[in-house]
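Asker: My questions will all concern the structure given below.
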Amino acid sequence: MALPGVSSQPIRSGYDTIIIGAGVQGLAIAYELAKRGMTDVLVVDRSWPGGGASGRNGELIRSAFASTEWCELFELSRQKWLGLSQELGMNVLFNRTGYAVVATTAEQAAQCRVDHDFQAGLGIRTELLDEREARKVLPAANPDLVRAAVLQEQAGFAHHDSVVAGYLENAARLGVQVVSGVTVTGLLRRGDDVTGIATACGRRVEARTVVNAAGGQALEINALAGLEFPLVASRLEMIVTQPLKPFLTPGVAALELLGYCHQTARGEFVGGTELPRVDESTSLNGTWTVLQDIATKFVQLFPVLAGTRLLRHWAGTVSQTPDLAPVLGPVPEIPGYLLSVGWVYGFMGAPAAGELLAEHIVAGTIDRRMAPFGIERTRTGDWIREGSLVVDMDLDEEAA
Ligand SMILES: Cc1cc2nc3c(=O)[nH]c(=O)nc-3n(C[C@H](O)[C@H](O)[C@H](O)COP(=O)(O)OP(=O)(O)OC[C@H]3O[C@@H](n4cnc5c(N)ncnc54)[C@H](O)[C@@H]3O)c2cc1C
């Protein structure tokens, strides 16, 4: 049985806009286009809506970052998250439990102060918690590992399936056609222009605009367009445990541990860690190595987790640029081809990206919050330096 919102109608020979990928990015763009009256839109997915990283992520949402570019884009998104359930007429289960970036070292505690002051300068409200205050907000955390925190209230986590369903059903209700089980294997060209897609079953579908929102497979679609820039696939893993009594209120990022987590309303602990290297493999199964890393670090941080049973352990793939920031917008030398790729924080960023890219498709504008994320920086090497990401990144080493 098809998901509500997935079309069983035949694909037509042409559309104004085709979006490759029915993840949260592709569906948010489609919904925002339809909201602006542009309903001649086809979204195609080789699997099912939300079958990529959008249904496999940590669900965390914040806008308190350490660079102007990230803060401004993600603050627009957070503002939209606040009203998203109401706008979509569907509860996306946005738990505004707060989001704490936790310092586990003295050096990071000092950085917390810098980040907090920086965020305040941009009008993003966060609280700087000293050791004592941070331990109070995280009473179950190992006190030896909590040195300070930056807490953003009105941030937290939402339910990824509800978000995908909300965008999907609303886009479909407004007239967008979303089809699953259709793999794009080629792009139609007229000179330099991209003018449509070719699918695995031999169908050719024309469009004025084709958007690459193919998540971890975005590189493959770029290859079909003959487009090259530094973008790699990267595999991440997560776990969810059996329900536990409430012990953790805010969503947490512990930068030194390369870990992020939250506890759901049902009591399950959801967490993931990242290894200090990019895993370009594509399996969606969890691995023993990462499971050990996740278990070791989170039992260290929250000793209450010792002996807890796992419910599930899984993986998902994203595409990432050297600065971990998305590439959003047009490709000057390929008219008709747009990008919404390189998303590592693409769940929380989807409401903003959907709006800004839709606005670009409809009106040709490039909003100031979208502009820094254009393809240009992948050519100049003028990377965005964002210091508050859960990742082991050294841009200077990258550039060397
Ligand atoms: C374990 C993990 C934890 C994460 N935690 C967070 C978090 O806490 N907060 C956060 O903001 N982000 C998080 N992310 C990242 C976030 O999930 C992604 O950035 C986001 O989901 C990207 O959305 P998307 O729509 O671009 O990609 P996807 O959801 O991957 O969707 C892309 C779609 O394209 C389809 N597709 C691919 N190739 C083709 C083709 N040739 N033809 C047709 N369709 C195709 C795929 O089937 C897929 O459904 C996490 C990711 C993972 C894996």
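Asker: How big is the charge dipole of the chain about its Cα centre, in debye rounded to the nearest 20, if each Lys and Arg gets +1 on its Cβ and each Asp and Glu gets -1 on its Cβ?
Answerer: 1280 debye
Asker: Which sequence of Asp382, Asp367 reflects their accessible areas, 1.4 Å probe, from the largest down?
Answerer: The ranking, largest first, comes out as Asp382, Asp367.
Asker: Here is a further query. Roughly speaking, what % of Cα-Cα pairs in the chain are separated by over 29 Å, rounded to a whole number?
Answerer: For the chain, the share of Cα pairs beyond 29 Å comes to 41 percent.
Asker: Now for a different question. What do you get for the angle between helix 160-173 and the principal long axis of the chain? Use alpha-carbon atoms, 0 to 90 degrees, nearest ten.
Answerer: Tilt relative to the chain: about 30 degrees.
Asker: Right, something else. So for the chain: antiparallel DSSP bridges make up what percent, rounded to the nearest 5?
Answerer: Bridges in the chain that DSSP calls antiparallel: roughly 65 percent.
Asker: Now a separate question. Carbon and sulfur: what percent of segment 26-122's accessible surface (1.4 Å probe)?
Answerer: Answer for segment 26-122 is 49 percent, counting heavy atoms of protein chains only.
Asker: Here is a further query. Expressed as a whole percent, how much of the Cα-Cα distance distribution for segment 125-241 exceeds 17 Å?
Answerer: Within segment 125-241, distances greater than 17 Å cover 74 percent of Cα pairs.
Asker: Also, quick follow-up: Be a star and scan segment 334-351 for residues whose amide nitrogen sits under 20 Å from the point 7 Å along the Cα-to-Cβ vector of Arg379.
Answerer: What the label zone holds, given the 20 Å backbone N cut-off, is 334-342.
Asker: What are the extents of the Cα atoms of segment 325-375 along their three principal axes, listed from largest to smallest and rounded to whole Å?
Answerer: Its Cα atoms span 27, 19, 16 Å along the three principal axes.
Asker: While we're on this one: Taking H placed 1.01 Å from N in the peptide plane, check which residues at least 5 places from Val178 or on another chain put their amide H under 5 Å from its amide H.
Answerer: Close amide H contacts, sequence-distant or interchain: Ser7, Val43.
Asker: Continuing with this model, one more query. Run the reach check for Lys35 against lysines, Cα to Cα strictly under 21 Å, same-chain hits fewer than 8 apart removed. What comes back?
Answerer: Lys80
Asker: Same structure, new question: Just going by the charge dipole of the chain, with Lys and Arg at +1 and Asp and Glu at -1 on Cβ, which of Leu76, Asn142, Pro10 is farthest out on the positive end?
Answerer: In the chain, that residue is Pro10.
Asker: Assuming 1.567 mPa s and 4 °C, estimate D for segment 257-400 with Stokes-Einstein, Rh taken as the Kirkwood radius over Cα pairs, in µm²/s.
Answerer: 73 µm²/s
Asker: Starting at the first residue of segment 55-63, write each ³J(HN,Hα) from the Karplus equation 6.51 cos²θ - 1.76 cosθ + 1.60 with θ = phi - 60°, in whole Hz, x for Gly and Pro.
Answerer: x, 10, 9, x, 6, 7, 9, 7, 10
Asker: Per q in 0.13, 0.23, 0.24, 0.27 Å⁻¹, report the Debye log10 I(q)/I(0) for segment 190-264, using one uniform scatterer on each alpha carbon and no solvent.
Answerer: -0.66, -1.16, -1.23, -1.36
Asker: For segment 103-113, what does the Karplus curve 6.51 cos²θ - 1.76 cosθ + 1.60, with θ = phi - 60°, yield as ³J(HN,Hα) per residue in whole Hz, taken in order and with x for Gly and Pro?
Answerer: Karplus values, whole Hz, x for Gly and Pro: 8, 9, 10, 4, 4, 6, 4, 5, 5, 4, 4.
Asker: So what's the Cα pair-distance distribution over segment 1-59, bin width 5 Å, in %?
Answerer: The percentages, shortest bin first, are 4, 17, 26, 27, 17, 6, 2, 0.
Asker: Here is a follow-up. How big is the charge dipole of segment 259-318 about its Cα centre, in debye rounded to the nearest 20, if each Lys and Arg gets +1 on its Cβ and each Asp and Glu gets -1 on its Cβ?
Answerer: Charge dipole, segment 259-318, about its Cα centre: 240 debye, nearest 20.
Asker: With N set to the residue count of segment 59-100, report its C-alpha Rg divided by 2.2 N^0.38 Å to two decimal places.
Answerer: That works out to 1.22 for segment 59-100.
The values are calculated or read from the model by the stated rules, or taken from the named source; none is laboratory data. Keep in mind it's a predicted model, so treat the numbers as computed, not measured. As a convention, Cβ positions derive from the backbone with ideal geometry for all residues, glycine included, and neighbour counts pool all protein chains shown. Keep in mind that these areas ignore ligands, DNA and RNA; they rest on the heavy atoms of the full protein, side chains included. Shrake-Rupley method; radii C 1.70, N 1.55, O 1.52, S 1.80 Å.
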